[in-house]
Amino acid sequence: AGKWCYDSQDVSCGPAHWKDVNHNCGGENQSPINLDRTRMHRNQNLGNIIFQGYDRAPPGMWRLMNNGHSVLVRLEGETVIGNMNISGAGLPNTFQALQFHFHWGSPMSDGSEHTVDGKQYPMELHIVHLNAKYRSVAEATKDPNGLAVLGFLFTIAEADNPNYNTILAGLKNVSLKGNSVDLASTFRLDNLLPSMEKLSRYYRYQGSLTTPDCEEAVIWTVFEDTISISHAQLNEFVDTVHFTAISETPVKMKNNFRPPQPLKNRKVYASKY
Ligand code: BO1
Ligand code: ZN
């Protein structure tokens, strides 16, 4: 596979070129999209998501890593069996949580991937889940229902969000591409999210991974309620994390979002509430 990047690292391998890296990226069901609330279809089958295991800190440590495109936390792997999963809400099966990661902007500009009525948000959290009928992501990416990603948009508040302190403290240890570190403590995943009672309103559509190879294998759920974080906390991502590895000229990781893709022949559904 060829090299891909975001424009903030190098425009010559930015999102406009991804379709040359993988043909999928020019497909008919790409993500992210603009979520146009005036054109959504209310769907009475879209009830509350059932979150299992999100309310307990797992016994093992979570690993924070810089993959050169984002910082992510692995929720399962050799040392940790997180056993967090989601079901209900029109999902065709149970989906096991694999990892979560962030897309962010810069101190001057927003960085979410999904937009709502044309508005971009400062940051977006993705929790990536695997359809429980598959043992690997490689198998799942051949199925339009292979993965379920939950997207949460951020808004800036005056107060710090203390639930993000463990992750923020770990950023200095994943400053460079390829770095990884066990987080100092585990925590309840639901503490990173808006309160559970506020998650009944969401948008649902069929899409793709938002980075190459852009596989069209994702049931997307983007929540209406937002996560609040302070400006100073958001800036810690931009100030600390780099796209680049130790051997390269440092480039700070910022604006690591793909812009909205054409909706084409798709419908976006709004949950019942
Ligand atoms: S996203 O949530 O659409 N931004 C997204 C984008 C790329 C991936 C996941 C989510 N990549 C895949 C890798 C797999 C890996 C899997 C889970 O993430 O291509 O190799 O197993 O970590
Ligand atoms: Zn993502």
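Readers should treat all values here as calculations from the given coordinates under stated rules, not as data from a laboratory. Only a predicted model underlies this, so the values are computations on that prediction, with no experimental measurement involved. Don't worry about glycine lacking a Cβ; one is built from the backbone with ideal geometry, like all the others, and counts go over all protein chains shown.
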Among the residues of region 98-120, the number that are more than 16 Å from ligand 1 (Cβ to nearest atom), in contact (Cβ under 8 Å) with a residue 24 or more places away in the chain and of a type outside the set (A, V, I, L, M) is 5
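Here is a yes/no grid of residues against (1) farther than 27 Å from GLN44 by Cβ; (2) more than 13 Å from ligand 1 (Cβ to nearest atom); (3) not aliphatic (A, V, I, L, M):
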{"position": "ALA140", "(1), (2), (3)": "yes, no, no"}
{"position": "THR155", "(1), (2), (3)": "yes, yes, yes"}
{"position": "TYR164", "(1), (2), (3)": "yes, yes, yes"}
{"position": "LYS172", "(1), (2), (3)": "yes, yes, yes"}
{"position": "SER185", "(1), (2), (3)": "yes, yes, yes"}
{"position": "ASN191", "(1), (2), (3)": "yes, yes, yes"}
{"position": "VAL218", "(1), (2), (3)": "no, no, no"}
message = Going by what's in this entry, would GLN9 be described as surrounded by 19 or more Cβ atoms within 10 Å (Cβ to Cβ) and part of a strand (DSSP E or B)?
response = no
- Query: Does any residue of region 234-246 turn out to be away from ligand 1 (no atom under 15 Å from the Cβ), closer than 27 Å to ALA140 by Cα and in contact (Cβ under 8 Å) with a residue 12 or more places away in the chain?
  - Reply: no
Next on the checklist: Take VAL71 and tell me if it is over 15 Å from the mean Cα position of the chain (by Cα), within 16 Å of ligand 1 (Cβ to nearest atom), surrounded by 15 or more Cβ atoms within 10 Å (Cβ to Cβ) and not hydroxyl-bearing (Ser, Thr, Tyr).
Outcome noted: no
Taking region 171-212 and keeping residues outside any loop (DSSP other than H, G, I, E, B) and touching a His at 6+ places or on another chain (Cβ under 9 Å) leaves TYR203
For this session: Determine whether LEU209 is within 16 Å of ligand 1 (Cβ to nearest atom) and in contact with an Asp or Glu (Cβ under 6 Å, 6 or more places away or on another chain).
Result: yes
Considering only strands (runs of 3 or more DSSP E) wholly within region 62-163, the ones with at least 1 residues that are more than 16 Å from ligand 2 (Cβ to nearest atom) are 63-66, 85-88, 95-104, 123-131, 147-157
When every residue in region 249-273 that is part of a loop (DSSP other than H, G, I, E, B) and in contact with a Lys or Arg (Cβ under 8 Å, 6 or more places away or on another chain) is compared, the one surrounded by the fewest Cβ atoms within 10 Å (Cβ to Cβ) is TYR273
Residues of region 121-138 being surrounded by 19 or more Cβ atoms within 10 Å (Cβ to Cβ) and either charged (D, E, K, R) or more than 12 Å from ligand 1 (Cβ to nearest atom) (or both), in sequence order, are TYR121, PRO122, MET123, GLU124, ASN131
When restricted to GLU197, GLU124, the only residue out of contact with any Leu (no Cβ under 7 Å at 6 or more places or on another chain) and of a type in the set (D, E, K, R) is GLU197
